[in-house]
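Q: Mind looking over this structure? Questions follow.
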């Protein structure tokens, strides 16, 4: 079977590190999803062609921004060491989907080597909140 390798080094934030140091995981997660609302749908897989970008929040959470008006929050079942620090990962898939049974590997930017490998969780769907029109008052 043909295997594809994808490396996501996206999600680098422009927030100064000093500002992030004091915030906790819940604040980072809320900030990443502030433009979205939870739909209640949970998926086992997402199509690779629909993924626009990804944002690593911490060692347990990745937000996948999809083409269109959706995002998926993936909460890893176990902590993935260095994922939140490196904010980059790769994965190999045999089909055109990324699923909760797939494994990601942290990309160590300091040495350009593989870091730890970790399993993904299920994908919780979020949809983009409607834009609020400003009144002309």
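The values are calculated or read from the model by the stated rules, or taken from the named source; none is laboratory data. Since the model is a prediction, treat every value here as computed from it, not as a measurement. Neighbour counts are summed over all protein chains in view; Cβ atoms, including those assigned to glycine, are modelled from backbone coordinates with ideal geometry.
Q: Among the numbered criteria (1) buried (at least 18 other Cβ atoms within 10 Å of the Cβ); (2) touching a helix residue (DSSP H, G or I) at 6+ places or on another chain (Cβ under 6 Å); (3) touching a residue at least 40 places away in the same chain (Cβ under 8 Å), which single criterion is violated by residue 88?
A: (2) is the only condition that residue 88 fails.
Q: Let me confirm something: among 67, 44, 79, which residue is closer than 17 Å to residue 28 by Cβ, over 11 Å from the mean Cα position of the chain (by Cα) and loosely packed, with under 14 Cβ neighbours inside 10 Å?
A: Answer to the selection: 79.
Q: Against the conditions (1) closer than 26 Å to residue 37 by Cα; (2) touching a strand residue (DSSP E or B) at 6+ places or on another chain (Cβ under 7 Å); (3) free of Cβ contacts under 8 Å to residues at least 24 places away in the same chain, where does residue 98 fall short? Just the number, please.
A: Going through the list (1) closer than 26 Å to residue 37 by Cα; (2) touching a strand residue (DSSP E or B) at 6+ places or on another chain (Cβ under 7 Å); (3) free of Cβ contacts under 8 Å to residues at least 24 places away in the same chain, residue 98 breaks only (3).
Q: Residues of the stretch 100-109 being surrounded by 15 or more Cβ atoms within 10 Å (Cβ to Cβ) and either part of a loop (DSSP other than H, G, I, E, B) or at pLDDT 90 or above (or both), which ones?
A: Across the stretch 100-109, the qualifying residues are 100, 102, 104, 105, 106, 107.
Q: Tell me which of these residue 112 doesn't satisfy, since it passes every other one: (1) in contact (Cβ under 8 Å) with a residue 12 or more places away in the chain; (2) surrounded by fewer than 13 Cβ atoms within 10 Å (Cβ to Cβ).
A: Single failed check for residue 112: (1).
Q: For the stretch 110-132, what are the residues that are in a loop (DSSP other than H, G, I, E, B) and within 12 Å of residue 61 (Cα to Cα)?
A: Selection gives 120, 121, 122.
Q: Considering only the stretch 44-54, I want to know if a residue exists there that is modelled with pLDDT under 95, out of contact with any helix residue (DSSP H, G or I) (no Cβ under 9 Å at 6 or more places or on another chain) and over 15 Å from residue 121 (Cβ atoms).
A: no
Q: Give the residue, chosen from 57, 51, that is farther than 23 Å from residue 26 by Cβ and either out of contact with any strand residue (DSSP E or B) (no Cβ under 6 Å at 6 or more places or on another chain) or surrounded by fewer than 19 Cβ atoms within 10 Å (Cβ to Cβ) (or both).
A: Criteria check complete, one pass: 51.
Q: Collect the residues in the stretch 79-99 that are within 24 Å of residue 69 (Cβ to Cβ) and assigned to a strand (DSSP E or B), keeping them in residue-number order.
A: Once the filter is applied, which keeps residues that are within 24 Å of residue 69 (Cβ to Cβ) and assigned to a strand (DSSP E or B), the stretch 79-99 yields 97, 98, 99.
Q: Would you mind telling me which numbered condition in (1) in contact (Cβ under 8 Å) with a residue 24 or more places away in the chain; (2) exposed (fewer than 13 other Cβ atoms within 10 Å of the Cβ) residue 132 fails?
A: The failed condition is (1).
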